[in-house]
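Computed from the coordinates by the stated procedures, all read-outs in this text should not be read as laboratory data. Remember, it's a predicted structure, so these values are computed and weren't measured experimentally. Methodologically, a virtual Cβ is constructed for each residue, glycine included, from the backbone with ideal geometry; neighbour enumeration extends over all protein chains shown.
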Amino acid sequence: MSRSAVLLRGVNVGGHNRLPMADLRAVLEGVGCRRVQTYLQSGNAVVEHDGTTGELERVVHEALTARGLPVAVMVRTGEEIARVVEASPWSDLDPKLFHVGFLSGEPDAAKVAAIDHAALLPERVVVGERVLYLDYAAGAGRSRGLDRLRLGVEVTARNWRTVQALRDLTA
């Protein structure tokens, strides 16, 4: 049994893909998760589960799709979330401007190599282990390039405060 964070992409954003957190808890409990705790209204939950994170991603995706909500699902163990925090390339950024993009898999190496870092400035990106560290210098809503990165995998981003909270909740 492990404690993991379940991250949904694009839920409750701008009135789209509405999913009350009570419904998310019911879905997670319905696929066998225990001690389900949601965090904020943006598709974050912390659960205990048996099996692998890949299996949990699959069954949660299937359950949400059956409810008419075919969103990407990414699951990270508490240990993985802790490593994301420990590996942060920045310690002095405003936590509202600093985001972590959780990736559904390993990004396409050629697309990563083709990132034009100079063209992104003042925004910055660092590619980590199935994550992107994103510095939205002027705010995520004003992004000039980070929001258009296409690396061949699904991405769901969380601000630094949320990532730290998920680390604490999964510890």
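Quick look at the numbers
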quantity	calculated
By average C-beta atoms within 10 angstrom, highest first, the peptides 114-120, 62-68, 2-8	2-8, 62-68, 114-120
Amide H contacts of A157 (H built 1.01 Å from N, under 5 Å, at least 5 apart or other chain)	F102
Cα-based Rg / Dmax (Å) for the chain	15.8, 47
Rg over Rh [alpha-carbon atoms, Kirkwood Rh] for the stretch 82-170	0.94
Cβ-defined net charge surrounding D135, 11 Å radius [Lys, Arg +1; Asp, Glu -1]	-2
Neighbourhood net charge (10 Å Cβ-Cβ; Lys/Arg +1, Asp/Glu -1) for P107	+1
Highest to lowest packing among 104-111, 21-28, scored as the average C-beta count within 10 Å	21-28, 104-111
Neighbourhood charge, 10 Å Cβ-Cβ cut-off, centred on A72 and excluding it, Lys, Arg +1 and Asp, Glu -1	-1
Among 87-97, 36-46, the order from most to least packed when residues are scored by Cβ within 10 Å on average	36-46, 87-97
